[in-house]
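In what follows, a structure is listed as structure tokens, so that the remarks can point back to it.
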Amino acid sequence: MADKKTRTLSELGEFGLIRALTDDIILRHPGSRKGIGDDAAVLDHNGFLTLVTTDLLLEGIHFDLTYVPLKHLGYKSVVVNLSDIYAMNGTPLQVTVSIGVSSKLSLNAIEEFYKGIKLACNQYEIDLIGGDTSASVNGLIISVTALGTAQPQQIVYRKGAKKGDLICVTGDLGGAYMGLMLLEQENKLFRKDPAYKPQLDGYQYILERQLKPEARKDLGRMLLAGRVKPTSMIDVSDGLSSDLLHICEASGTGSRIFADRIPVHSETRKLAEQLRISPNVATLNGGEDYELLFTVAHEDFARIQLIEGISIIGMMTGREDGHLVEFEDKSTILMEAQGWNAKQKWEEL
Ligand SMILES: [Mg+2]
């Protein structure tokens with residue numbers, strides 16, 4: 001096996017690269033309460049917590065302007081960052097937006113992108129407070145940083161889940177992935193034959209899940225009202241398998257989830273059937289749903305059941321039990337991490 005230093009990026013994968021680059025980082029300031037390794041960094045200013053998270057989106061890697069409207073892209077760039085603040089059980093307050101723009105884009109186009117950014121700021125009641133702009137040689141580059149806050153007693157990390165805790169998820173999964181499959185399929189047919197009319201009818205929900213996702217700003221309030229505090233939490237950006245494994249790694253646990261308990265929208269199921277793929281591929285490995293995946297103590301079972309829109313999909317086990325997905329017929333498979341987006345792209349490059 002190749003030495004770590006000589007391994008290529010595609011061998012390392014997204015998570016391996018992060019590990020290799022950040023292994024030796026030490027935090028010098030006691031106020032840097034949490035650095036790399038969670039949805040957001042946590043800074044402690046004399047008991048007042050600030051959350052910081054940042055995301056980079058590149059044309060050709062994360063989005064394709066042939067079928068992604070710029071306004072939607074602006075909206076999504078903000079929302080994906082807010083999702084990371086909600087994943088800490090925090091409240092986002094501000095964003096900065098930096099862009100690198102190629103000369104092929106018009107002012108109108110950039111204004112459309114900003115319309116989406118401003119719409120997200122209105123919708124989530126946050127302020128756009130700065131950023132930077134530059135020329136770009138290779139397509140559109142977007143970097144958004146979100147800042148937020150959380151009460152010290154409310155903050156939830158990836159670390160904290162224990163054996164016996166229940167694994168819960170909001171909303172439904174796999175929709176954004178199937179939306180992407182549909183857009184890519186129709187785009188391919190259109191490229192082959194420009195007279196082709198893309199067939200998108202009947203798939204409004206999964207298209208929106210992909211193009212204009214929403215972050216779960218409501219969960220924090222619902223949990224507070226239901227008197228439940230998660231023991232760990234993450235947002236579903238890379239896919240259920242990868243994101244649950246992040247929680248397990250940080251918490252030192254194993255996990256067992258039940259495939260038939262994973263919530264799936266009817267459009268996700270319908271398209272999966274049409275494309276002859278298992279909906280489990282979309283729910284386990286598809287990313288970008290921006291739902292919240294969290295664990296609660298077993299004694300909160302009754303309380304969590306009372307909160308609408310939450311599915312209990314499994315339980316945390318001992319680390320020695322591994323990570324399993326159980327199907328209706330009781331057969332099991334090992335759950336595997338798939339940093340689906342960048343990993344897949346790196347393999348193509
Ligand atoms: Mg995240």
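The values are calculated or read from the model by the stated rules, or taken from the named source; none is laboratory data. This structure is a prediction, so every number in the text was calculated from the model and none was measured. Please note: Cβ atoms are built from the backbone with ideal geometry, for glycine as well, and neighbour counts cover all protein chains shown. Surface accessibility is based on the protein's heavy atoms, side chains included, excluding ligands, DNA and RNA. Shrake-Rupley method; radii C 1.70, N 1.55, O 1.52, S 1.80 Å.
Structure above, values below:
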| read-out | value |
| --- | --- |
| Selection count where residues are open to solvent by less than 30 Å² (accessible area, probe 1.4 Å), β-branched (V, I, T) and over 29 Å from L73 (Cβ atoms), scope the range 207-246 | 1 |
| Residue match in the range 203-225 (condition: within 16 Å of the ligand (Cβ to nearest atom) and assigned to a strand (DSSP E or B)) | no |
| Failed item, numbered, when F15 is tested on (1) more than 28 Å from S134 (Cα to Cα); (2) loosely packed, with under 15 Cβ neighbours inside 10 Å; (3) within 16 Å of the ligand (Cβ to nearest atom) | (2) |
| Leading residue by the ranking (nearest to H298 (Cα to Cα)) among those in the range 231-246 that are in contact with a Ser or Thr (Cβ under 7 Å, 6 or more places away or on another chain) and more than 8 Å from the ligand (Cβ to nearest atom) | T231 |
| Answer residue from the range 247-284, given it is surrounded by 21 or more Cβ atoms within 10 Å (Cβ to Cβ) and within 16 Å of the ligand (Cβ to nearest atom) and is nearest to the chain's Cα centre (by Cα) among those | I247 |
| Some residue of the range 37-60 being closer than 23 Å to N138 by Cβ, open to solvent by less than 20 Å² (accessible area, probe 1.4 Å) and not assigned by TED's automatic domain parsing to the domain that holds A337 | no |
| Scope the range 58-80; condition within 16 Å of the ligand (Cβ to nearest atom) and modelled with pLDDT of 95 or more; matching residues | K76, S77, V78, V79, V80 |
| Single residue of L200, L182, L128 found to be open to solvent by less than 50 Å² (accessible area, probe 1.4 Å) and in contact with a helix residue (DSSP H, G or I) (Cβ under 7 Å, 6 or more places away or on another chain) | L182 |
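Results for (1) more than 30 Å from E186 (Cα to Cα); (2) assigned by TED's automatic domain parsing to the domain that holds V137; (3) under 16 Å from the mean Cα position of the chain (by Cα), shown as yes or no for each residue.
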{"position": "H62", "(1), (2), (3)": "no, yes, yes"}
{"position": "V80", "(1), (2), (3)": "no, yes, yes"}
{"position": "M88", "(1), (2), (3)": "yes, yes, yes"}
{"position": "T96", "(1), (2), (3)": "yes, yes, no"}
{"position": "S102", "(1), (2), (3)": "no, yes, no"}
